[in-house]
Every structure is written in C-alpha cells, then in structure tokens.
Amino acid sequence: QDAELWFGSDEALKIYLNGEEVYRYNSTRNFSDSEFYTSRVPVKIMAGENRLLVKCLQKYGRYDFSLNICEPFNSLC
C-alpha cells in the first residue's frame, strides 16, 4: 500500500522502513511546534507488520522531532 512519512526534526535524522533507508538528513534546521511535519517521503507499506527505525543525532540541548505515517493526501480527495 502507498503511504507517506510526514516528519520534522531539529537535527540529523535517518529513517529506515523494513530495513531500507528511506530518508537521511545530515544537518541542523529550525523545527518549531507550529511546523510538526516539514518533510514528506512516499513509502510502500506491506500488509501485516512493518519495522520502523528512526536514528536521531542530538548535538545541542533540546531536541524535537515528529513522525507520522499517513495515507497519501491525494488519495483522500
């Protein structure tokens, strides 16, 4: 099934789905509470269980990130 990962983070972030790296960001950025999902990546979800691994780098004091798995927005219209 088609799906999208919606996410945002302050610093470096790697996302793996079912053992495959689907996203990598190696820098820092400004992530605020008003911008929960600043990035979107299309993915394929298998029937049954799926494995999701998120690796985050925290260089500085506070670190925020959010992640949601959604149906593609266009399929809801």
- Message: So the check is Cβ under 6 Å with 6+ separation or different chains; which pairs have a first residue in segment 50-68 that's of a type in the set (Phe, Trp, Tyr) and a second one that's open to solvent by less than 60 Å² (accessible area, probe 1.4 Å) and not in a strand (DSSP E or B)?
- Response: Tyr63/Asp10
- Specify the residue that is least open to solvent (accessible area, probe 1.4 Å); the eligible residues are those in segment 56-74 that are among the aromatic types (Phe, Trp, Tyr) and part of a loop (DSSP other than H, G, I, E, B). Tyr63
- Note on the structure: By residue number, the members of segment 1-22 that are of a type outside the set (Asp, Glu) and farther than 15 Å from Tyr63 by Cβ are Gln1, Ala3, Leu5, Trp6, Ile15, Tyr16, Leu17, Asn18, Gly19, Val22
- Note on the structure: When segment 1-18 is checked residue by residue, the ones that are surrounded by 15 or more Cβ atoms within 10 Å (Cβ to Cβ) and either outside any loop (DSSP other than H, G, I, E, B) or free of Cβ contacts under 8 Å to residues at least 12 places away in the same chain (or both) are Ala3, Glu4, Leu5, Trp6, Phe7, Gly8, Ser9, Leu13, Lys14, Ile15, Tyr16, Leu17
- Message: Just to verify a result, which residue in segment 24-38, among those that are modelled with pLDDT of 80 or more and not aromatic (Phe, Trp, Tyr), is nearest to Gln58 (Cα to Cα)?
- Response: Asn26
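On the given criteria, is Glu21 at pLDDT 90 or above, open to solvent by less than 80 Å² (accessible area, probe 1.4 Å) and of a type outside the set (A, V, I, L, M)?
Yes, satisfied.
The values are calculated or read from the model by the stated rules, or taken from the named source; none is laboratory data. Computed from a prediction, not measured in an experiment: that's the story for all the values here. Backbone-built Cβ (ideal geometry, glycine too); neighbour counts: all protein chains shown. The area values use the complete protein model at the heavy-atom level, side chains included, leaving out ligands, DNA and RNA. Shrake-Rupley method; radii C 1.70, N 1.55, O 1.52, S 1.80 Å.
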